[in-house]
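S.K.: Next up is a structure, given as structure tokens.
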Amino acid sequence: ARSAAAAACQARDMANEPGNGWTAADFAAYGRSLAKQYGLKCSVLGMNDMKRLEMGGLLAVNQGSAEPPKLVILEYKSSKKGAQTILLVGKGLTFDSGGVSLKPAAGMQDMKYDMCGGAAALSTMAVVGEEKPDVNVVAIIPATDNMSGSRALKPGDIIRHFGGITSEIVNTDAEGRLILADALAYGIKKFNPTCVVDLATLTGAVILGLGHHRTGLLGNNQSVIDRLL
């Protein structure tokens, strides 16, 4: 309980930082600090790595930004032989202006919270480091902001994700699924997990549907869904 409560407070601290106070580089630095503290493995992929791996979703969302993107990977390996692997993927969108499909000005300051999935995934790794479960756990955080700079992604553009699947962009404010697509495809191919838990702030409409005291959960394995609930 103490570990979980402390991790929740860490996630809230990350979320409450302003967009210029918590960037992709801060996600990377925090991942490295957790790795050092708990003996985890931390890898950080930068822009050149993403170009080599053809992570077109993350690169496309980052095009309009002055802050370079990061893909932060934290790995915990259990001492149990033949342990199963859980993959956590958390959306690390450190500020979401909507890009060219600009959000309304009213309330846009709250778009600093679009990285809460990434914060939750990283904080979970702090609990994993404390508790040392008998499963392998990998957390991946694709991190960038979504801005409308001169090179920004445009509606109608077509991009190619890691693995070769293409997306046509209709609205640049649907940036979360673009960066998560690369992270999910990469994580599944590299780590061959038993199950995947994707943590994202993809739409405020879920609050209209469910209110502030429940969250939306979609899945294709009822036993995993039940255990998560």
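S.K.: May I ask you to say which residue of 118, 39, 64, 46 is at pLDDT 95 or above and open to solvent by less than 10 Å² (accessible area, probe 1.4 Å)?
M.R.: The match here is 118.
S.K.: Being of a type in the set (Asp, Glu), assigned to a helix (DSSP H, G or I) and farther than 30 Å from residue 2 by Cα is true for just one of 49, 114, 110, 145. Which residue is that?
M.R.: Checking each option against the conditions leaves just 49.
S.K.: In the range 158-211, how many residues are in a loop (DSSP other than H, G, I, E, B), open to solvent by 70 Å² or more (accessible area, probe 1.4 Å) and either in contact with a helix residue (DSSP H, G or I) (Cβ under 8 Å, 6 or more places away or on another chain) or within 20 Å of residue 121 (Cα to Cα) (or both)?
M.R.: So the count comes out to 6.
S.K.: Name the residue that is farthest from residue 117 (Cα to Cα), counting only residues in the range 212-229 that are open to solvent by 100 Å² or more (accessible area, probe 1.4 Å) and of a type in the set (S, T, N, Q).
M.R.: It comes out as 222.
S.K.: Then there's this: Considering only residues of the range 81-109 that are closer than 21 Å to residue 188 by Cα and of a type outside the set (A, V, I, L, M), which is most open to solvent (accessible area, probe 1.4 Å)?
M.R.: Of everything passing the filter in the range 81-109, 81 is most open to solvent (accessible area, probe 1.4 Å).
S.K.: Mind telling me which of the residues 92, 98 ends up being touching a Phe, Trp or Tyr at 6+ places or on another chain (Cβ under 9 Å), at pLDDT 95 or above and closer than 20 Å to residue 152 by Cβ?
M.R.: Sole residue among the options that is touching a Phe, Trp or Tyr at 6+ places or on another chain (Cβ under 9 Å), at pLDDT 95 or above and closer than 20 Å to residue 152 by Cβ: 92.
The values are calculated or read from the model by the stated rules, or taken from the named source; none is laboratory data. All values reported here derive from a predicted model rather than from experimental measurement. Because the Cβ atoms are built from the backbone with ideal geometry, glycine has one as well, and the counts that use them run over all protein chains shown. Areas reflect the complete protein model, heavy atoms only, side chains present, ligands, DNA and RNA absent. Shrake-Rupley method; radii C 1.70, N 1.55, O 1.52, S 1.80 Å.
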